[in-house]
1. Go through (1) at pLDDT 80 or above; (2) outside any helix (DSSP H, G or I); (3) surrounded by 15 or more Cβ atoms within 10 Å (Cβ to Cβ) for residue 126 and report which single condition fails.
2. Show the residue pairs that are 6+ apart or on different chains and have beta-carbon atoms under 9 Å apart, the first residue being within the stretch 125-144 and on the phi < 0 side of the Ramachandran plot, the second being assigned to a helix (DSSP H, G or I).
3. For the stretch 10-20, which residues satisfy the criterion of being assigned to a loop (DSSP other than H, G, I, E, B) and modelled with pLDDT of 95 or more?
4. Which is outside any strand (DSSP E or B) and closer than 20 Å to residue 133 by Cβ, of 69, 77, 43?
5. Suppose we filter 78, 92 for residues that are at pLDDT 95 or above, surrounded by fewer than 19 Cβ atoms within 10 Å (Cβ to Cβ) and over 13 Å from residue 120 (Cα atoms); which single one remains?
6. Return the residues of the stretch 21-31 that are under 18 Å from residue 117 (Cα atoms) and not in a strand (DSSP E or B); say none if nothing qualifies.
7. For the stretch 96-116, check the following and say yes or no: at least one residue is part of a helix (DSSP H, G or I), over 13 Å from the mean Cα position of the chain (by Cα), modelled with pLDDT of 95 or more and surrounded by fewer than 16 Cβ atoms within 10 Å (Cβ to Cβ).
8. So which residues in the stretch 50-68 are under 19 Å from residue 127 (Cβ atoms) and at pLDDT 90 or above, if there are any at all?
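The values are calculated or read from the model by the stated rules, or taken from the named source; none is laboratory data. In this text, all values refer to a predicted model and were calculated from it rather than measured experimentally. Heads up, the Cβs are rebuilt from the backbone with ideal geometry, glycines too, and the neighbour counts pull from every protein chain shown.
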């Protein structure tokens, strides 16, 4: 199986994570600036790493509503769908950046030090949640 790319989309930075080929674990990959070149960098990663699926986190409000940040992430997902030939899916990512900051703080990283990593860790959490759900769905089918 080809790896899956996870994306934590932000206005300033975009965090990227990648799965292993067995789709068991997500690993931080890199953080890229959110600018006109970000789509090209993602396309390059998709090509070089033979990605056939992308999962983009959608930061819904706690109520489930879609706010401005979620609309921007959905627009970005649509842009990638037009640019790339791989499947682009979305994933509810409420509070992953908060969880990523807490995880980095728990291992002694200061906020200033974590800026370049927090988006990758958030992308890793988004992708890991997706992988876990996919694995649970496969296991449930096997039990039927």
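1. (2)
2. Pairs found: 125/96; 125/97; 125/99; 125/100; 125/103; 126/96; 129/96.
3. The initial filter retains those residues of the stretch 10-20 that are assigned to a loop (DSSP other than H, G, I, E, B), namely 10-12, 20.
Scanning the stretch 10-20 gives a single hit, 20.
4. Details: 69 fails: closer than 20 Å to residue 133 by Cβ; 43 fails: closer than 20 Å to residue 133 by Cβ.
Testing whether each residue is outside any strand (DSSP E or B) and closer than 20 Å to residue 133 by Cβ leaves just 77.
5. Working: 92 fails: at pLDDT 95 or above.
Sole residue among the options that is at pLDDT 95 or above, surrounded by fewer than 19 Cβ atoms within 10 Å (Cβ to Cβ) and over 13 Å from residue 120 (Cα atoms): 78.
6. From the stretch 21-31, those under 18 Å from residue 117 (Cα atoms) are 25-31; that's our starting set.
Correct list: 25 only.
7. From the stretch 96-116, those part of a helix (DSSP H, G or I) are 96-106, 111-116; that's our starting set.
Next, from what is left, pick out any that are over 13 Å from the mean Cα position of the chain (by Cα): 98-99, 101-106, 111-116.
Filter again for modelled with pLDDT of 95 or more, leaving none.
No, because not a single residue in the stretch 96-116 is part of a helix (DSSP H, G or I), over 13 Å from the mean Cα position of the chain (by Cα), modelled with pLDDT of 95 or more and surrounded by fewer than 16 Cβ atoms within 10 Å (Cβ to Cβ).
8. Step one: of the stretch 50-68, the residues under 19 Å from residue 127 (Cβ atoms) are 50-60.
Correct list: 50, 51, 52, 53, 54, 55, 56, 57, 58.
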